Amino acid sequence: MTIRKYATIFSIAGRDQFVYLPSFLVRNVFFLIILFIFYSLWRVVYGDANTIAGFTMVQTLWYLTFTEAIELSQTRIFNPISQEVKDGTIAYSIARPYSYVLYWICRGMGENLVKVVPLLLEGFLIATIMVGPLPGYLSALPFGLIVIAGGILVGTTLQAIIGLLAFWFEEVMPFWWIVQKLIFVIGGLFIPIDFYPDWLARIARATPFAFAAYWPASTWVAFSRERFLITIGGQVFYLALFALVAALLFRAAVRKLHIQGG
Amino acid sequence: MSEPTRQRTNLLRLALHYFRFNLSAGMAYSTSFLIQVFGMALNNGAFIIFWLVLFDRIGAEIAGYGFTDVMFLWALAASGFGLSVVVFGNTHQLSRIIYTGELDVYLLQPRPVLLNVLLSRTVVSGWGDLLYGLSLFVITQPMSLTGWLLFLLFTILMALVVTAVRVFYHCLTFFLGNAEGFAQLAGELVISFMLYPGSIFRGPAAWLLHSLIPAAFVAYIPARIFASFDPGTLLIVLAADAVIVAAAFLMFRLGLRRYESGNLIGSRM
Amino acid sequence: MEPAIQVQGLRKEFRLRTKQPGLKASIRGLLRPEYRTVEAVRSISFQIEPGEVLAFIGPNGAGKSTTIKLITGILYPDAGTIRVLGLDPHRSRKALAYRIGTVFGQKSQLWFHLPPADSFQLLGSIYDMSRKQTQTRVGFLSEVFEIGDLMDQPVRKLSLGQRIRCEMAASLIHSPQILFLDEPSIGLDVVVKQRIRDLIGRINREEGVTIFLTSHDAGDIEKICRRAMVINHGSIVWDGSVKELKYSLLNRRIVDVKMDGPATIEMPGVTVVKRKEYALKLDVDLSIATTESVITALMRQSAIQDITISSAPMEEVISHIYARGKGDT
């Protein structure tokens, strides 16, 4: 029963996305152009070199289509959450018969997965035209899809936590900037972590941010069973951790709500 | 004083008044103000790591640009964008102001409409961009008086052109219905292109960067002038930037004739 | 004296984008949008003298707001000429802005998160007033509108009635000669409405400000306006004094009568609206019956203790005009 409830939230949120054609176009055009910029840059960077840090140019470009697709597909659920906290409507929302945080994560994921599919298709076309096909694309496809969904889920859960911070902070946007930038840099959104100096790469690979960008993308472009298992394992570990953090934050928030009367 | 002169000084007074007004409104929530300013500065700082890593991996130059040159682009873009949103903070709202009919309020005031709209709000995080841009310039660029003067000039030009480009695309709302998403995209693209060495773009992309997404005239060419000063090129930049600003004003004027004051209800683009 | 407002052959059309629901239609609409033309204002002409208080009435979508926006220079007309205080509102937008004030119910001139005092200061500098001029004027207005204690609270914390009073004060900061009010009393309770009406009347009397008011509210029109103009489907269907509007347009009388004993009446054109013991309330259609014949018929049955004869209420007059307007097209 409970599962069905969240499945419904998820699927309605997904269908709802088809209405927003203009934002769909805007997102996909931005994706196209940002990939073009990356292509222009990396073409010059690679020059005659075959591989840099173990990555061929084909792999690097495909890697970036995957990380960008993960990033651009994410609905900013911390916005509506912090809004509800600020204007007090959260008091009504938490009275409904479902977990508030889980509701937003499901709703966010419903939208995200609808958004990511066109991005992945577009990325496939653009990358194929720009640098040619990715060796092993098809055989890694089912695993790639799973870990990319997992990466989006890690990002979305982080966003839910940021949204809840509105109970304690007037403005949560800066927290999002910081998390987003950590995913950009430490998570390897703009550049595979392997390009980093060894000591930094080792730290970066262990952070949750890497499991929201680097690990899923590199699993697809350089597939191996070990890599896939590490990615899944890391994602499950961090999701459990974040779920715990979100639950604790939420409990503290509700207590605060009761004391202050909303 | 003659009539036009009086108008201009009054406009400057109004700009200053808006500026003080918005700043004090922003300061009223001082923690939030500081979090936003430093959050944005930190936010921008993250990208330095990307470039450090890249240059560290592959050597001294990417298409003729060294690390210092790329940092100049970043310093210029951040301070120019920051100045733009601090002074003309209402730009990103322009589409909404047009399609909801909020423009009425500005049309009823005895001031130049477009400037009145743009000046009347500020974006607090812009101070963070400005702070970051200036610091980056001080840290990464060689110090000289001409250097500073050029940087300040280019920052102001960048602010004007970034604003103008966004105004231009937001004005499509007059003609097509809500073009907000499109205008935001155009604004983001101009900024995105500015942050990469201009010389990596060839062919049609390079043309685009000299026209519809005029990153060349506010970032790449100024960077070249900064590296080696050339008065002729500077004149070209000034002329091109003037054309871009004029185009935005013209677009707004034409749009105003089509303005429907919120009667466009139900149509969205 | 030159008229306050002079309008001749004014026309305005809107192109509305029509869109079918659904993804396929959205894509089609994006590539090849379809439009439908709506004539909002169809060649209207009128003139308003300085110091007049005019009610501009009409149902939603009749062209009221469009007309007011054309006159104030917000919208460009498709045809016709407009002169406000002798100025063309489009060619001389800025010059005119110094001389007119506006209160548009939905569009606030006040900064939502700031106290009115700050907005007044800023508006003063927008209208080129010195700090001292602004101070004197704000002092005067805050006395008239009794907003002295609201001045330092953020606008978002004010009640609707308090906010409208501040809005009105803001619109008068530069001592305009004409004040345009678009639905000023919408959503207010009876007491506040009355207060707003008194204030509008006072501004008209004491500062000689010409008032151009649109409203749905019958009370607004009846209590403060001397002249009324009715617009429907973009055309002016009535222009005259409010008194005339009320007495001649609806040919009906309401007769309240208290009898000494039981009485009934059955006559074509007369309906009994209410009956309580020996008291009756009758609605008389003057095109079929006369008040005289009604009174005679009643007096035959019993003595009359008390009687009042009044015209139909303003609300009904207005809805009648709207209904008639609909029949025209």
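The set of residues in the range B:195-215 that are of a type in the set (A, V, I, L, M, F, W, C) and closer than 19 Å to residue A:43 by Cβ comprises B:195, B:200, B:201, B:205, B:206, B:207, B:208, B:209, B:215.
Among the residues of the range B:101-129, which ones are outside any helix (DSSP H, G or I) and under 30 Å from residue B:43 (Cβ atoms)? If the condition is that a residue be outside any helix (DSSP H, G or I) and under 30 Å from residue B:43 (Cβ atoms), then B:102, B:120, B:121, B:122, B:123, B:124 are the ones that fit. For the range A:237-258, the criterion of being buried (at least 17 other Cβ atoms within 10 Å of the Cβ) and either of a type in the set (Asp, Glu) or free of Cβ contacts under 8 Å to residues at least 12 places away in the same chain (or both) is met by no residue. Annotation for the range A:169-190: no member residue is buried (at least 20 other Cβ atoms within 10 Å of the Cβ), more than 14 Å from every other protein chain (Cβ to nearest Cβ) and under 14 Å from the mean Cα position of the chain (by Cα).
When residue B:162 is tested against (1) closer than 17 Å to residue B:83 by Cα; (2) crowded, with 23+ Cβ neighbours inside 10 Å; (3) within 14 Å of chain A (Cβ to nearest Cβ), only condition (3) is not met.
Comparison of B:245, B:237 shows that the only residue that is under 15 Å from the mean Cα position of the chain (by Cα), part of a helix (DSSP H, G or I), under 18 Å from residue B:77 (Cα atoms) and more than 10 Å from every other protein chain (Cβ to nearest Cβ) is B:245. From the list B:227, B:248, B:205, B:223, the lone residue that is in contact (Cβ under 8 Å) with a residue 40 or more places away in the chain and touching a Ser or Thr at 6+ places or on another chain (Cβ under 8 Å) is B:248. Please work out which residue is surrounded by the fewest Cβ atoms within 10 Å (Cβ to Cβ), limiting yourself to the range B:49-66 and to residues that are facing another protein chain (nearest Cβ under 9 Å) and closer than 22 Å to residue A:201 by Cα. Looking at the filtered set, the residue picked out is B:56. For the range C:39-67, the tally of residues that are assigned to a helix (DSSP H, G or I) and farther than 24 Å from residue C:244 by Cα stands at 2.
Residue A:165 satisfies every condition listed in (1) under 27 Å from residue B:128 (Cβ atoms); (2) of a type outside the set (Lys, Arg); (3) within 17 Å of the chain's Cα centre (by Cα); (4) surrounded by fewer than 23 Cβ atoms within 10 Å (Cβ to Cβ) except (3). Set side by side, the residues B:191, B:156 differ, and just one is more than 24 Å from residue A:37 (Cα to Cα) and under 13 Å from the mean Cα position of the chain (by Cα), which is B:156. Kindly check whether there is at least one residue in the range B:197-213 that is surrounded by 22 or more Cβ atoms within 10 Å (Cβ to Cβ) and either at pLDDT below 90 or among the hydroxyl-bearing types (Ser, Thr, Tyr) (or both). Among the residues of the range B:197-213, not one is surrounded by 22 or more Cβ atoms within 10 Å (Cβ to Cβ) and either at pLDDT below 90 or among the hydroxyl-bearing types (Ser, Thr, Tyr) (or both), which makes the answer no.
Filtering A:224, A:218 for residues that are in contact (Cβ under 8 Å) with a residue 60 or more places away in the chain and hydroxyl-bearing (Ser, Thr, Tyr) leaves a single hit, A:218. The residues in the range A:123-168 that are among the β-branched types (Val, Ile, Thr) and either in contact with a strand residue (DSSP E or B) (Cβ under 7 Å, 6 or more places away or on another chain) or closer than 29 Å to residue A:253 by Cα (or both) can be counted, and the count is 6.
Before we move on, is residue A:47 within 12 Å of chain B (Cβ to nearest Cβ) and among the small types (Gly, Ala, Ser)? Judged against the criteria, residue A:47 is a match. When we screen C:316, C:292, C:266 for residues that are among the acidic types (Asp, Glu), surrounded by fewer than 11 Cβ atoms within 10 Å (Cβ to Cβ) and part of a helix (DSSP H, G or I), the only hit is C:292. Among the residues making up the range C:213-233, a single one is farther than 12 Å from residue C:57 by Cβ and either of a type in the set (Val, Ile, Thr) or buried (at least 23 other Cβ atoms within 10 Å of the Cβ) (or both): C:224. Within the range C:37-46, is there a residue that is over 22 Å from residue C:4 (Cβ atoms), of a type in the set (A, V, I, L, M) and at the interface with chain B (Cβ under 8 Å from one of its Cβ atoms)? Yes; the residues of the range C:37-46 include at least one that is over 22 Å from residue C:4 (Cβ atoms), of a type in the set (A, V, I, L, M) and at the interface with chain B (Cβ under 8 Å from one of its Cβ atoms). Scanning the range C:203-249 for residues that are in a strand (DSSP E or B) and among the polar types (S, T, N, Q) yields C:210, C:214, C:232, C:235, C:241.
If you scan the range C:292-310, which residues turn out to be of a type outside the set (A, V, I, L, M, F, W, C) and modelled with pLDDT of 85 or more? Result: C:292, C:293, C:296, C:300, C:301, C:302, C:305, C:306, C:308.
Annotation for the range B:74-93: no member residue is within 13 Å of another protein chain (Cβ to nearest Cβ) and among the hydrophobic types (A, V, I, L, M, F, W, C). Search the range C:155-173 for residues being within 14 Å of chain B (Cβ to nearest Cβ) and part of a loop (DSSP other than H, G, I, E, B), and hand back the single one that is farthest from residue C:186 (Cα to Cα). Of everything passing the filter in the range C:155-173, C:173 is farthest from residue C:186 (Cα to Cα).
Yes/no per residue for (1) touching a Leu at 6+ places or on another chain (Cβ under 8 Å); (2) farther than 22 Å from residue A:105 by Cβ; (3) of a type in the set (Asp, Glu):
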{"residue": "A:127", "(1), (2), (3)": "yes, yes, no"}
{"residue": "A:131", "(1), (2), (3)": "yes, yes, no"}
{"residue": "A:135", "(1), (2), (3)": "no, yes, no"}
{"residue": "A:143", "(1), (2), (3)": "no, yes, no"}
{"residue": "A:149", "(1), (2), (3)": "yes, no, no"}
{"residue": "A:156", "(1), (2), (3)": "no, no, no"}
{"residue": "A:163", "(1), (2), (3)": "no, no, no"}
{"residue": "A:171", "(1), (2), (3)": "no, yes, yes"}
{"residue": "A:176", "(1), (2), (3)": "no, no, no"}
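Would you check which residues across the range C:88-143 are among the small types (Gly, Ala, Ser), farther than 24 Å from residue B:102 by Cβ and at pLDDT below 90 and list them? The answer is C:130, and nothing else.
The values are calculated or read from the model by the stated rules, or taken from the named source; none is laboratory data. Treat the numbers as computed from the prediction; the structure is a model and nothing was measured. As a convention, Cβ positions derive from the backbone with ideal geometry for all residues, glycine included, and neighbour counts pool all protein chains shown.
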